[in-house]
Amino acid sequence: MSEIRCRDLPRVAAAALLLLVVAGCVAAPEESPDSAALVLADANELGRFNPVGGHGDSGQSQIYDGLLRLAPTDGSSSLPDLVPWLATEMPQSNAEGTQWTVRLRDGVEFTDGTALDAEDVAATYKAVIDPASASELAPSYDMLQDVTTGPDGTVTFTLKYPYSGFASRLLLGIAPSERLMPGLAAESSLNTDPVGTGPYTLTSLRPDELVLSANEDYWNGAPEVKTVTIIRVPDDNSRAQRLQSGEIDGTVLPPRLAAAYEDKTGYSHEAVGTADWRGLSLPSGNAFASDPQAVLAMNLAVDRAGMVDHVLDGRGVPAHTPVAAVYGNAFDPEAVFPFDPEGAKALLDDAGWVAGEDGVRTRDGARAAFELAYNASDTLRRDLSLAFASDMSKLGVDVTLLGTDWNVIEERRNDVGILLGGGDKPYDLDSQLFETLHTAVPGTGSPFANPGNTGSAEMDAHLEAARKSADPAERTAHYRAVQDLYIQQPGYVMLAFVNHNYIQRDMGWENVQTVLEPHAHDVGWGFWWSLRDWTRE
């Protein structure tokens, strides 16, 4: 399964392969020469295996284990449970919710032969919140003040304020304290030479390929899949070609390319449920996009159902707020924007945005126009941006698209709309909502956390009260209030919750599970999230 096979094909043959994929004429897969080995293709850069830097922060790492692990309750259609993993039981909180204590499992070793102990746990979490690490995860652990160890093998997390969803922060992989040197997480040796307690070890790493080998001494039993090779293929069409030719065993694809494999003999295709939303932020300095009536009008004029049907090929659901139906009682099914283009036009008329000779609305010399930036390498964001711009043109709004890279988008985040993705830590509703909807807090959050700085003091109060309350009914009431406020005065145009589409050759494995996924969608998720548990009959 050499990486150069497709590259050596004549251009005409490669183009023909792509046409076959798009048309759904998928050839039967080749037999794998090694039934205990997998070859997967991913779009993301390879490496960066330091958990302090963010690797496997939702518990999906094959190299590291966390104190807790995700356990699907209904595949990917509902929120998973959190269950003990390196911990012997679920964390215990004091009455105030400011101290959480965990007891570690005995007899667990890192792949370098050293024993896991409480100091390793404390060191990992302390490194995350150490400013010298410059960890991308630090804003997600803003509530964490200190981590201490007890003589009985316990670890106690002391919080700055009550945080009811803290258990969801205990999915992070644990690294040996001896390897957690002071300094930038991005420069740690763990990025290229990781040591964990997980079911796999890193055997080799190149910019275009990595190899994982089974940890035969894994404390929970050695995995039956012995070798996993992951090659980097950023282009969606190229990954589809390599899958069709039999060069790889599985990959993640955008909906339209994945559709070719639905019900195809010899392949498994699954559109995995997520809390991963797509929507656009709006530039706060733009006269039109910062007008509350204009934002409401755009939410009424966007055809979300059409986007799900035609852009997502039916693999997703419309999104009106960042709260998905998987959050149960906290989800308000009435918090929706009706598809009402005529009502949207009336709103703009009343607000003084009047159509000009070229069809674009103006008010006081300002045009109803703005740029919408998206990551040029992401075909799904491109297609959603095109669909949104088309809907807005019917409303008299001129949306100019800017396909570029994230560095340019970050530099211009205050003066362009951005086609964003969210839901990167969805296993508690606080982490699904707080950074997205809370007004900006200086010194915290990512550059793309509420880039338009929308929201209100009233919404902030509900978000803050919900994260500190230990009463589920009280939290639900606050989150319902947040959705009600958002529908009255939206700060984004939410589009859809997208399913993640994974394809794999049928190779006879059993116990292949999926789980509700965060925003991340790579070969650490999908079928391969449960890789450690796969079995043969």
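Values as computed for the structure displayed
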item	result
Shape box of the chain [Cα atoms, principal axes, largest first, Å]	73, 65, 39
Phi to ³J(HN,Hα) by Karplus 6.51 cos²θ - 1.76 cosθ + 1.60 over segment 319-328, Hz, x for Gly, Pro	10, 10, 10, x, 8, 8, 5, 5, 8, x
Which of GLY328, GLN145, PRO223, positive extreme of dipole for the chain (C-beta unit charges)	GLY328
Percent of alpha-carbon pairs separated by more than 23 Å within segment 47-206	33 percent
Along principal axes, Cα extents of segment 394-537, largest first, whole Å	57, 45, 35
Length gained when the stretch ALA366-ALA115 is fully extended (0.36 nm per residue, less Cα-Cα span)	83.8 nm
Euclidean distance between Cα centres, segment 65-143 to segment 368-432, Å	34 Å
Under-23-angstrom lysine pairs by C-alpha in the chain, whenever the two are 8 or more apart or on separate chains	7
Placed amide H near ALA275: partners under 5 Å, 5+ positions off or other chain	GLU517
Dipole moment magnitude, nearest 20 debye, the chain about Cα centre, only Lys, Arg, Asp, Glu C-beta charged	620 debye
Proximal charge balance of TRP534 [Cβ under 10 Å; K/R count +1, D/E count -1]	-1
³J(HN,Hα) computed for each position of segment 176-183 - Karplus, 6.51 cos²θ - 1.76 cosθ + 1.60, integer Hz, glycine/proline x	x, 4, 5, 9, 9, 6, x, x
Nonlocal amide H pairs with SER456, under 5 Å, H built at 1.01 Å	THR439
Zone residues, segment 361-398, relative to ARG412, backbone N less than 12 Å from point 7 Å out along Cα-to-Cβ	370-376
Beta bridges by DSSP in the chain, antiparallel share as percent, to the nearest 5	75 percent
Karplus-derived HN-Hα couplings along segment 79-93 (A = 6.51, B = -1.76, C = 1.60, θ = phi - 60°), whole Hz, x at Gly and Pro	4, x, 7, 9, 10, x, 10, 6, 7, 7, 7, 5, x, 9, 10
Electrostatic dipole magnitude of segment 277-498 [Cβ: Lys, Arg +1; Asp, Glu -1; Cα centre; debye, to 20]	260 debye
Sorted by Cβ density within 10 Å, fewest first, the residues SER135, SER377	SER377, SER135
Helix-only mean residue ellipticity at 222 nm for the chain, each DSSP H run of n ≥ 4 adding -39500 (n - 2.57), per residue, nearest 500	-7000 deg cm²/dmol
Extension gain from GLU510 to SER290, taking 0.36 nm per residue of separation minus the Cα-Cα distance	74.0 nm
Euclidean distance of C-alpha centroids, segment 328-362 and segment 471-498, integer Å	19 Å
FRET efficiency estimate (nearest 0.05) - Cβ-Cβ, ASP340 to ASN220, R0 45 angstrom	0.25
Modelled FRET efficiency - R0 51 Å, THR227 with GLN145, Cβ distances, 0.05 increments	0.75
Rounded if a/c under 1.5, otherwise prolate or oblate - segment 126-264, Cα gyration tensor axes	prolate
Ranked list, fewest to most other Cβ atoms within 10 Å of each Cβ, for GLU96, GLU136	GLU96, GLU136
Label-point separation, ASN329 to HIS269 (7 Å along Cα→Cβ), nm	4.0 nm
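Quick note: the coordinates plus some simple rules give every number you see, no bench work behind them. This is a predicted model, so every value here is computed, not measured. Note that we place each Cβ from the backbone using ideal geometry, even for glycine, and neighbour counts take in every protein chain shown.
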